[in-house]
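The values are calculated or read from the model by the stated rules, or taken from the named source; none is laboratory data. These numbers come from a predicted model, not from an experiment. In this analysis, Cβ positions are derived from the backbone assuming ideal geometry, glycine residues included, and neighbour counts consider all displayed protein chains. Accessible surface is based on the protein model in full, side chains and every heavy atom, while ligands, DNA and RNA are left aside. Shrake-Rupley method; radii C 1.70, N 1.55, O 1.52, S 1.80 Å.
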Amino acid sequence: MAIVVIALVALVAVAVLGGAHWYVWRRLVRDTTRAWGPARVTGTVVLIAGPVLMIAALAAERGGAPFWLQRVLGWPGFLWMALVIYLLMAVLAGEVLRPLLRRFLDRRGRAETAVEETESAAPEETHEEPRTSAPSRRLFVSRVVGGAAAAAAVGTVGHGTYGVLRGPGVKRVTVPLAKLPRSAHGFRIAVVSDIHLGPVLGRGFAQKVVDTINSTQPDLIAVVGDLVDGSVKNLGPAAAPLAGLRARHGSFFVTGNHEYFSGAEQWLEEVRRLGIHTLENARTELPGFDLAGVNDIQGESEGQGPDFGKALGDRDATRACVLLAHQPVQIHEAVKHNVDLQLSGHTHGGQLWPGNFIAAAANPTVAGLERYGDTELYVSRGAGAWGPPTRVGAPSDITIVELASKQA
């Protein structure tokens, strides 16, 4: 039964993907060319090669293909994933403009015809210019709308990719905590999540993240999951710059769901080797508050899921507690265990608009600070990107969370 369901889902996915590409081909290639010349052939090849490379890139990453092959397929395949989304949206938006432009041209054509008929009634001989036919007007409209759609999509993806590759910006937020003593007022935590080192974002990107964090001179660094998309063997060199993270009270790490796709045990060992403390359903006492961390929900598939009782069960409830938990949905357990602040990632802020609406359907908070009962939840949009190295409407960030005491 499970195989049948998977097969049906795959067939639906292929049908939707194929239909979307056919529609984009029809509007951007067939409708903008007169016949099977070089332009139509080139456009057709691109719109066939794009989805093939996209599927191949996904299969190579998930299937553990040789890393060199993942890197070769990653850039074109994942960029096409972002590009076709915005090509489709731009072409759909063009359907609104298409009849308006055709109506304008038809009116203009009728007006020119009326002028020509008036002039032809005069005794002087005139030389008539050939009028534009309806098929020519349709071709002109298709080319204008198609060109605008392609330019908008390419520009959007290009700008969004540049935003990721230049590195995350720094965001600052202050969080007042009732139990935080005055001695810990102003304690600054650099929160970084979803770096997603892999076949596209590598060592150079990791170095940018490290440099950005260190430039803020935080008291503590919290790496809140989804560090990698691949094995230690392939990505160990890319993660090496993380050994340079510097903070007065050290760096701490909890797993994200992608660690369990990439060999969580090996990565936990590698992270410790890089000098970062791991919080595997564990807690440590810091001056003024407790810092706890729980494993990601995906760890349940390996018998290593989150254990809030182990991490928080025997703590002193009069002390403030900050919890590192990759997914925002873990906030409900955090509230039950009287956590004061949960720091999460996972959502990417939606990454590619309008993905934020999809993310909102699966997460209590997509990005930013919100309160649940007596517990504050802060969700970072993340430093990197999964799949396309592109963000639209959800810029990457490293957040400096400054704790503020409410005590007089």
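Do we find that residue 263 is open to solvent by 20 Å² or more (accessible area, probe 1.4 Å), within 23 Å of the chain's Cα centre (by Cα) and at positive phi in this structure? For residue 263, the condition - open to solvent by 20 Å² or more (accessible area, probe 1.4 Å), within 23 Å of the chain's Cα centre (by Cα) and at positive phi - is met.
With the requirement that a residue be part of a strand (DSSP E or B), open to solvent by less than 10 Å² (accessible area, probe 1.4 Å) and of a type outside the set (Val, Ile, Thr), what does region 372-403 give you? Across region 372-403, the qualifying residues are 377, 378, 397, 403. Applying the condition of being small (Gly, Ala, Ser) and touching a residue at least 12 places away in the same chain (Cβ under 8 Å) to region 276-308 and asking which residue is nearest to residue 405 (Cα to Cα) yields 288. Against the list (1) open to solvent by 70 Å² or more (accessible area, probe 1.4 Å); (2) modelled with pLDDT of 95 or more; (3) not acidic (Asp, Glu), the condition residue 16 fails is (2). Of the residues making up region 163-178, one or more are within 15 Å of residue 390 (Cα to Cα), in contact (Cβ under 8 Å) with a residue 12 or more places away in the chain and hydrophobic (A, V, I, L, M, F, W, C). Name every residue in region 355-371 that is surrounded by fewer than 24 Cβ atoms within 10 Å (Cβ to Cβ), assigned to a loop (DSSP other than H, G, I, E, B) and either among the aliphatic types (A, V, I, L, M) or free of Cβ contacts under 8 Å to residues at least 12 places away in the same chain (or both), in order of residue number. If the condition is that a residue be surrounded by fewer than 24 Cβ atoms within 10 Å (Cβ to Cβ), assigned to a loop (DSSP other than H, G, I, E, B) and either among the aliphatic types (A, V, I, L, M) or free of Cβ contacts under 8 Å to residues at least 12 places away in the same chain (or both), then 366 is the only one that fits. Filtering 247, 239, 243 for residues that are among the small types (Gly, Ala, Ser), part of a helix (DSSP H, G or I) and farther than 20 Å from residue 199 by Cα leaves a single hit, 243. Exactly one residue out of 120, 142 is more than 28 Å from residue 388 (Cα to Cα) and modelled with pLDDT of 90 or more: that is 142. Pairing residues of region 321-334 that are under 17 Å from residue 403 (Cβ atoms) and open to solvent by less than 10 Å² (accessible area, probe 1.4 Å) with residues that are in a helix (DSSP H, G or I) and not acidic (Asp, Glu), at Cβ distances under 6 Å and at least 6 apart in sequence or on separate chains, gives 323/334.
For residues that are over 20 Å from residue 324 (Cβ atoms) and of a type outside the set (Ser, Thr, Tyr), tally how many sit in region 187-218. Count: 12. Looking only at region 51-81, residues that are touching a helix residue (DSSP H, G or I) at 6+ places or on another chain (Cβ under 6 Å), within 21 Å of residue 162 (Cα to Cα), open to solvent by 30 Å² or more (accessible area, probe 1.4 Å) and among the aromatic types (Phe, Trp, Tyr) come to 0 in all.
Taking residue 338 as the residue in question, decide whether it is under 23 Å from residue 245 (Cα atoms), polar (S, T, N, Q) and part of a loop (DSSP other than H, G, I, E, B). Judged against the criteria, residue 338 is not a match.
Taking first residues from region 251-265 that are in a helix (DSSP H, G or I) and partners that are small (Gly, Ala, Ser), the Cβ contacts under 8 Å between residues at least 6 apart in sequence or on separate chains come to 257/225; 258/225; 259/225; 260/299; 260/301; 264/299.
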